[in-house]
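Peer 1: Please see the structure below; I have some questions.
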Amino acid sequence: MPGWLIDFLWVVVKVTLVIAFVGVNFIFMVWLERKLSAKMQARIGPNRVGPHGSLQLIADALKLFSKEDIKPAMADPKVWALAPVVMFAPALLVFYVLPVGPNAVIGTDLNVGLLYLAAVSSFTLVGIFMAGWGSNSKYSLLGAMRAGAALMAYEIPLVLSILTVAMLAGTLSVQGIVQAQVDRGYYFVFPGIVAFIIYFICVMAELGRGPFDLVEAEHELVMGYQTEYSGMRWGIMLMAEYTNQFTAAAIAAMLFLGGWDGPFLPGWLWLVIKAYALVMVMMWVRWTLPRVRIDQLLDLSWKFLLPVSLLNLVVVAIFLV
Amino acid sequence: MSLQVVAFAVLAALILYGSYKVVASPLITHSALFLALVLVSVAGVFLMLDAVFLAVVQVLVYAGAVMAVIIFAIMLSEQREIGGDPSAQRMGFGEELRRALRSRHWGLLPAAAAALLAVLAIAGIGRLGAPAAPGAASTSVADVGRALLTDYLVPFEIASAVLLAAVIGAIVLTAREGSDARDGGRS
Amino acid sequence: MPLPLPYFLVLGALMFAVGAWGALSRSNAVRVLMSIELMLNAVNINLVAFNRYLTPSELTGQIFSIFVITIAAAEAALGLAIVLMIARRRGAIDINKINTLRG
Amino acid sequence: MPGSMWLIPVLPFAASAVLLFFGRRLGAVLGPLVGAAATGTSFVLSLLGLLALRGGAPAYHAQIRWAEVGDLSIRMGFMFDKLEAAVVTMVTFASFFIQLYAMGYMRGDAKYNRFFTIVSLFTAGMLTTVMADNLLLFTLGWEIMGFASFSLIGHWFEKIENAWAAFKAFVTTRIGDLGLMAAMFLLAAQAGTLQFDGIFEAVEGAAGAWWVTLAALFLFWAAVGKSAQLPLHVWLPDAMAGPTPVSALIHAATMVAAGVFLVARNYALFEASGTALDVVAWVGGVTLLFAAVVAVLQEDIKKVLAYSTMSQLGYMMMALGVGGYAAGVFHVVTHGYFKALLFLGAGSVIHALHHEQNMHRMGGLFRRMPVTAVTFIIGMLALAGIPPFAGYYSKDEILLAAYEANSALFWIGSVGALLTAFYMTRAVVLTFFGRPRDKHVFEHAHESPAVMTVPLLALAVPSLLYGLLAPQLLGQPVHQWLAFGGHAAHHEPSSFVMAVATGVAVAGILLGAVVFGVVPAASRKAVISALRPLYTVIKNKFYFDELYQAVFVRGTRALAGVAGVVDRYVIDGLVNGAAALTVFIGSQTRRLTNGFAQAYMLVLVGGVVLGIIVFQAIGG
């Protein structure tokens, strides 16, 4: 077999693994969220399909696959159809640089890994706008605009906070950052607690998780840019959303909590455990706090997070020098 | 035919078709989306040229920031065109090209000038001696950063000043006059 | 085996020509700005290609590309701010109607 | 020697400035007194300086550095030596009394304050000129005088003739000033300095060099303009348009004397170039005779004095030209006294007769205004050169110098002296004696107020005694005091010259008295008609004005006409053509600047395409 074919097959295997993980993760997270929210609201949650309703999502997925693919009459067909794919792509691309153990990265350990993460996640914006435009509906468009504004507003403090980590570690490589925490024996969450909090707030806002989920504020915008989607297309969007949530948590775990580092268990499991812990914190926040208004959302970023993150960056730089 | 040639061919095709659509697409929203495609593809070309950092910056700045600005500008200034005219959706390639070549004031002249430019440039390239194939270049972010802050410090500072001026200018230009400035200037 | 340099140069030239065509012939101001971005990207391809093939040990071309990207970002911000302003005042952004040097 | 000699020119300047800004507030009495006080202080200072010099003190010299231009270091300073002492005392003395006198003469004048402002400025200019230690400062004072004389001659500019007279004086002296400029540039280039002592040092080593003669002639050209010598004399008679005190100031004590002083100041230069001295002597000789002849037939009392001034200036020039340095300068001083006296006397008469200046309408005024008459006669006798009046001593010295140098000039001078005595006698007889020819004028005549007669009396004293008492005042004979370059060019007193000088003066007076006092007017008319052509020529001042009118004025006008045609059709055509072409190009190219940004871009791309084609074609 020629070398390039081996490479190609190896890529195929990796992609398949990642997609499989994403699918399983999606199903698990939706179940987890429904169960958690039910507990917090003193309900039972899904309990009919499988033990503790664990197979509920399989049923839901089957339902979505079998539903009619309704295309709005006035929609821009190609854009509308491509939007979920474009939204899903960055979610998958993030996995490319994730380290799952010492000397083990899913794709390549880019020496600009952090920038790669920022670049890829910022590309989500295009997908959101494709959905907003393509649907040719005012709810979709307004939802897309809100999402775009929120993305742009929170992108800057987010990048500034992960830059703090890059400064602490002295590298932009994600694997390098994890390795630095392992080598030094402490996690960056301690010197970078401010950056960690900012990062956490920012990703929640970017993901549109409550209390920042006003993109989907039902009584204002129905479902935002998702309004005109149904069936499996909507399923893909939802999957992208949950995948993003997981990757954001995983990135936080790697940058601040030592990533794959941990005793006894394999590295990738530690990463997943840490990520899920953070995911559960997000869900906890989501179901606890009321939704903010759009102007409060933007004010929080421009008037509070941005100055604080800048200041934090300067302070950390001073301590390092 | 190596993998590289295939990759290059795919990227070049995406870039050129995307560029064409940026110019010729009857819908401005499609233009913007094709521009995004072109910009990402250019990042791919950068990767082929071993400029990893530049490729990432290209995606981050262009596909992230510039695209966002362009999309917002379109949404705020071209409400009529969003969603578009259904007939434009069904326009065939020939019809699209024919309409694109018709410039409002100068007919075919811009297209002719651009074509001439391309022909001349390619003719010039054809006469280049093929440079020796270079060895692998390893350029890390650290190298770029060091170059920026030593050899290119002055341009770097000037670029910072230009960016600052652009930010202030954009805010001043788009801030609405009067009392609704507080809520109006954001979205 | 690396690709020959002219591949990238021809790609850049064609892309530049398409961008120039757009900048010259379109009447929508936003589209003109987008065409200009195309031209700038074509130039960047050239810069990086030359850098890779002629001075692989130095970063001159890449650094220039970074500056081009920076200026492009600034240009986009300002240009689109102006477009917004015009759209707000006149309701249209046909570049051929913006020829009076006054609002 | 007082250390504050530099105040001599500065005080009148200050007074002028005070009068300029506060003159109106100071009022009609206090204002002029400020000017007079400044001039008087200057006089006292100069007298102190003179006495110090007499006691053997070294010459005063104070300088400041003014500017450095390349190698040319320009220093400004004032000096006060024996030459300056003699002239400055005269100038300040005369100016002081002229200002007093003008308080009466100018009373009620609309521009009273302006008059005194400029008189002070004028005095300051003259003093600067005299005391300057370098050519540049000299020129500064010289130009101030030019401006001030223009303003004063045109004091009554409401009458257009006066304005034109001022204009004529200014333009004519300006023509002379060109010479001063040229000399200054030449000397700066050749001697490398504008300091007088530096120039003289340079000249000493370069006697007979071309530039010495040229510089001397340039300087003399300037002196000719200022001192109204032939052929630049035409302005002086017209300058009588100014108020009479101005005439006294300008045409007796200061401005015209500056020309002579210029020659005296640069005497080393002239002496180093023998040619220039000859030119000076002959121009002076011709001028003195010409002016004396013209003066004989003048009817306006001030014009007689004006031509006599010209004639006397000719004497001075001639004296300098024939080597009588001391005689020339001495005559400047004595003439300053008695000519100021004569002008003021004439002014007194004119004032009394309500600005009647024609002598043929006067007569018999002696009884009406005795003080004026007596002082005027004293001045007349001094001018005529009757011993022991001041004029006798200086004129005798001049004739003596001429006699030893050149007999032709001596005889010219003698004839001039005869004519001088004759026309002055005519003026006195026609004005003060005989019976009144115009009853109306006569009846209104009255003696002038004290403010005017006192200056007359004061000026009569030096006119009468200066010649006699100068050796006592100076402590040594005049020719020693004014010895040039340390060696006194002493001329042996010649009884022949003395006899001729006295003889022609007495003869002239007698002749005048007989012709105008005894011979009936009818006989005079007969003689005149017999000599009609000659009379006409002299009466018209040898047609100088007409000649200049024809040659210079008409010539200039014709030239200007030609230039005007060229300007209108050729130059304007070019200019308008250029403008029209620009407008045309602009109107055509305007279409390019149509505001369509894409049109500009299209041209840009087209240019790039063209550039690539050209580059590839050429670059191969």
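Peer 1: Find the residue count for segment C:34-59, including only residues that are under 20 Å from C:Asp94 (Cβ atoms) and open to solvent by 30 Å² or more (accessible area, probe 1.4 Å).
Peer 2: The total comes to 1.
Peer 1: Quick one: is A:Leu17 within 14 Å of another protein chain (Cβ to nearest Cβ), open to solvent by 50 Å² or more (accessible area, probe 1.4 Å), assigned to a helix (DSSP H, G or I) and at pLDDT 80 or above?
Peer 2: On the way: within 14 Å of another protein chain (Cβ to nearest Cβ): no; open to solvent by 50 Å² or more (accessible area, probe 1.4 Å): yes; assigned to a helix (DSSP H, G or I): yes; at pLDDT 80 or above: yes.
Considered against the rule, which asks whether it is within 14 Å of another protein chain (Cβ to nearest Cβ), open to solvent by 50 Å² or more (accessible area, probe 1.4 Å), assigned to a helix (DSSP H, G or I) and at pLDDT 80 or above, A:Leu17 comes out as no.
Peer 1: Out of curiosity, is A:Gly148 buried (at least 21 other Cβ atoms within 10 Å of the Cβ) and at the interface with another protein chain (Cβ under 9 Å from one of its Cβ atoms)?
Peer 2: Details: buried (at least 21 other Cβ atoms within 10 Å of the Cβ): yes; at the interface with another protein chain (Cβ under 9 Å from one of its Cβ atoms): yes.
Answer is yes for this residue.
Peer 1: For segment A:38-92, how many residues are on the phi > 0 side of the Ramachandran plot and touching a residue at least 24 places away in the same chain (Cβ under 8 Å)?
Peer 2: Of all residues in segment A:38-92, those on the phi > 0 side of the Ramachandran plot come to A:42, A:45, A:50, A:52-53.
Those still in the list that are touching a residue at least 24 places away in the same chain (Cβ under 8 Å) too: none.
Summing the residues that are on the phi > 0 side of the Ramachandran plot and touching a residue at least 24 places away in the same chain (Cβ under 8 Å) in segment A:38-92 gives 0.
Peer 1: Could you count how many residues in segment D:212-239 are open to solvent by 10 Å² or more (accessible area, probe 1.4 Å) and touching a strand residue (DSSP E or B) at 6+ places or on another chain (Cβ under 9 Å)?
Peer 2: So the count comes out to 0.
Peer 1: I would also like to ask the following. Just checking, how many residues over segment B:110-155 are at pLDDT 80 or above, buried (at least 16 other Cβ atoms within 10 Å of the Cβ) and part of a loop (DSSP other than H, G, I, E, B)?
Peer 2: 1
Peer 1: So, in segment D:303-332, how many residues would count as being surrounded by fewer than 24 Cβ atoms within 10 Å (Cβ to Cβ) and in a helix (DSSP H, G or I)?
Peer 2: 1
Rundown of residues vs (1) open to solvent by 90 Å² or more (accessible area, probe 1.4 Å); (2) at pLDDT below 75; (3) in contact with a helix residue (DSSP H, G or I) (Cβ under 9 Å, 6 or more places away or on another chain), yes/no style:
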{"position": "A:Lys35", "(1), (2), (3)": "no, no, yes"}
{"position": "A:Ala38", "(1), (2), (3)": "no, no, no"}
{"position": "A:Ala42", "(1), (2), (3)": "yes, no, no"}
{"position": "A:Gln56", "(1), (2), (3)": "no, no, yes"}
{"position": "A:Ala59", "(1), (2), (3)": "no, no, no"}
{"position": "A:Leu62", "(1), (2), (3)": "yes, no, no"}
{"position": "A:Phe65", "(1), (2), (3)": "yes, no, yes"}
{"position": "A:Ala73", "(1), (2), (3)": "yes, yes, no"}
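Peer 1: Considering each of C:Val18, C:Val48 in turn, give the residue that is facing chain B (nearest Cβ under 8 Å), under 26 Å from B:Val162 (Cα atoms) and out of contact with any Asp or Glu (no Cβ under 7 Å at 6 or more places or on another chain). I'd like the intermediate steps shown before the answer.
Peer 2: Values: C:Val18 fails: under 26 Å from B:Val162 (Cα atoms).
Result: C:Val48 is the single residue among C:Val18, C:Val48 that is facing chain B (nearest Cβ under 8 Å), under 26 Å from B:Val162 (Cα atoms) and out of contact with any Asp or Glu (no Cβ under 7 Å at 6 or more places or on another chain).
Peer 1: Can you list the helices (runs of 4 or more DSSP H) found entirely within segment B:51-94 that contain at least 2 residues being modelled with pLDDT under 80 and under 21 Å from B:Val23 (Cβ atoms)?
Peer 2: Numbers: elements: B:52-57, B:67-77, B:86-89.
Fully inside segment B:51-94 and qualifying: B:67-77, B:86-89.
Peer 1: Right, here's the next one. For segment B:1-16, give me the residue count where each residue is surrounded by 12 or more Cβ atoms within 10 Å (Cβ to Cβ) and either at the interface with another protein chain (Cβ under 8 Å from one of its Cβ atoms) or in contact (Cβ under 8 Å) with a residue 12 or more places away in the chain (or both).
Peer 2: Total meeting the criteria: 9.
Peer 1: For D:Leu51, which of the numbered conditions (1) in contact (Cβ under 8 Å) with a residue 24 or more places away in the chain; (2) surrounded by 15 or more Cβ atoms within 10 Å (Cβ to Cβ); (3) more than 21 Å from D:Tyr101 (Cα to Cα) fails to hold?
Peer 2: So the condition that D:Leu51 fails would be (1).
Peer 1: I'm trying to understand the selection: among the residues of segment A:14-53, which are closer than 30 Å to A:Tyr96 by Cβ and among the small types (Gly, Ala, Ser)?
Peer 2: A:Ala20, A:Gly23, listed by residue number.
Peer 1: Identify all residues within segment D:240-254 that are assigned to a helix (DSSP H, G or I) and among the hydroxyl-bearing types (Ser, Thr, Tyr); write none if there are none. Talk me through it step by step, then tell me what you get.
Peer 2: Going through segment D:240-254, the residues assigned to a helix (DSSP H, G or I) turn out to be D:240-241, D:244-253.
Passing the criteria: D:Thr244, D:Ser247.
Peer 1: Within segment B:17-31, take every residue that is hydrophobic (A, V, I, L, M, F, W, C) and more than 7 Å from every other protein chain (Cβ to nearest Cβ) and give me the one that is nearest to B:Ala115 (Cα to Cα). Working first, answer last.
Peer 2: Start the filter on segment B:17-31 by keeping residues that are hydrophobic (A, V, I, L, M, F, W, C), which leaves B:22-24, B:27-28.
When the remaining residues are screened for being more than 7 Å from every other protein chain (Cβ to nearest Cβ), the result is B:24, B:27.
Working: B:Ala24: 15, B:Leu27: 23 Å.
Selected residue: B:Ala24.
Peer 1: Taking D:Arg568 and the conditions (1) open to solvent by 80 Å² or more (accessible area, probe 1.4 Å); (2) within 14 Å of chain C (Cβ to nearest Cβ); (3) not small (Gly, Ala, Ser), which numbered condition does it fall short on, given that it satisfies the others?
Peer 2: Every listed condition holds for D:Arg568 apart from (2).
Peer 1: Whether any residue in segment A:133-141 is surrounded by fewer than 23 Cβ atoms within 10 Å (Cβ to Cβ), under 29 Å from A:Gly262 (Cα atoms) and more than 9 Å from chain B (Cβ to nearest Cβ) is what I want to check.
Peer 2: no
Peer 1: Looking at (1) at pLDDT 80 or above; (2) more than 10 Å from chain C (Cβ to nearest Cβ), which one does B:Ser160 not meet, given that it meets all the others?
Peer 2: Among (1) at pLDDT 80 or above; (2) more than 10 Å from chain C (Cβ to nearest Cβ), B:Ser160 violates only (2).
Peer 1: For the condition part of a helix (DSSP H, G or I), touching a Ser or Thr at 6+ places or on another chain (Cβ under 9 Å), free of Cβ contacts under 8 Å to residues at least 60 places away in the same chain and not β-branched (Val, Ile, Thr), what is the one hit in A:Trp10, A:Trp31?
Peer 2: Details: A:Trp10 fails: touching a Ser or Thr at 6+ places or on another chain (Cβ under 9 Å).
Going through A:Trp10, A:Trp31 in turn, just one is part of a helix (DSSP H, G or I), touching a Ser or Thr at 6+ places or on another chain (Cβ under 9 Å), free of Cβ contacts under 8 Å to residues at least 60 places away in the same chain and not β-branched (Val, Ile, Thr): A:Trp31.
Peer 1: Yes or no: segment D:592-603 includes at least one residue that is away from chain C (no Cβ under 14 Å) and open to solvent by 100 Å² or more (accessible area, probe 1.4 Å). Step through it out loud before you land on a result.
Peer 2: Within segment D:592-603, the first condition is being away from chain C (no Cβ under 14 Å), and the residues that meet it are none.
No, segment D:592-603 contains no residue that is away from chain C (no Cβ under 14 Å) and open to solvent by 100 Å² or more (accessible area, probe 1.4 Å).
Peer 1: Then there is this: List the number of the failed condition for D:Leu342; all other conditions in (1) aliphatic (A, V, I, L, M); (2) surrounded by 24 or more Cβ atoms within 10 Å (Cβ to Cβ); (3) in contact with a Ser or Thr (Cβ under 7 Å, 6 or more places away or on another chain) hold.
Peer 2: Unmet for D:Leu342, out of (1) aliphatic (A, V, I, L, M); (2) surrounded by 24 or more Cβ atoms within 10 Å (Cβ to Cβ); (3) in contact with a Ser or Thr (Cβ under 7 Å, 6 or more places away or on another chain): (3).
Peer 1: Restrict the check to segment D:85-98 and report whether at least one residue is without any contact (Cβ under 8 Å) to a residue 12 or more places away in the chain, aliphatic (A, V, I, L, M) and either over 29 Å from D:Arg25 (Cβ atoms) or not in a helix (DSSP H, G or I) (or both). Lay out the reasoning, then the answer.
Peer 2: Just the residues of segment D:85-98 that are without any contact (Cβ under 8 Å) to a residue 12 or more places away in the chain, to begin with: none.
Taking every residue of segment D:85-98 in turn, none turns out to be without any contact (Cβ under 8 Å) to a residue 12 or more places away in the chain, aliphatic (A, V, I, L, M) and either over 29 Å from D:Arg25 (Cβ atoms) or not in a helix (DSSP H, G or I) (or both).
Peer 1: For segment D:68-78, does any single residue satisfy the condition of being out of contact with any Leu (no Cβ under 8 Å at 6 or more places or on another chain), part of a strand (DSSP E or B), open to solvent by 10 Å² or more (accessible area, probe 1.4 Å) and of a type in the set (Val, Ile, Thr)?
Peer 2: yes
Peer 1: Please work out which one of (1) more than 9 Å from chain B (Cβ to nearest Cβ); (2) at pLDDT below 80 is the condition A:Met87 fails and give its number.
Peer 2: Going through (1) more than 9 Å from chain B (Cβ to nearest Cβ); (2) at pLDDT below 80 one by one, A:Met87 breaks only (2).
Peer 1: Do you know which residues across segment A:102-122 are surrounded by fewer than 23 Cβ atoms within 10 Å (Cβ to Cβ), within 10 Å of another protein chain (Cβ to nearest Cβ) and within 19 Å of A:Asn244 (Cα to Cα)?
Peer 2: A:Ala118
Peer 1: Please give the number of the condition D:Ser448 fails out of (1) in contact with a Lys or Arg (Cβ under 7 Å, 6 or more places away or on another chain); (2) surrounded by 14 or more Cβ atoms within 10 Å (Cβ to Cβ).
Peer 2: Condition not satisfied by D:Ser448: (1).
The values are calculated or read from the model by the stated rules, or taken from the named source; none is laboratory data. This structure is a prediction, so every number in the text was calculated from the model and none was measured. Quick reminder, even Gly has a Cβ in these numbers, built from the backbone with ideal geometry, and neighbours come from all protein chains shown. Note: areas computed on protein heavy atoms with side chains; ligands, DNA, RNA excluded. Shrake-Rupley method; radii C 1.70, N 1.55, O 1.52, S 1.80 Å.
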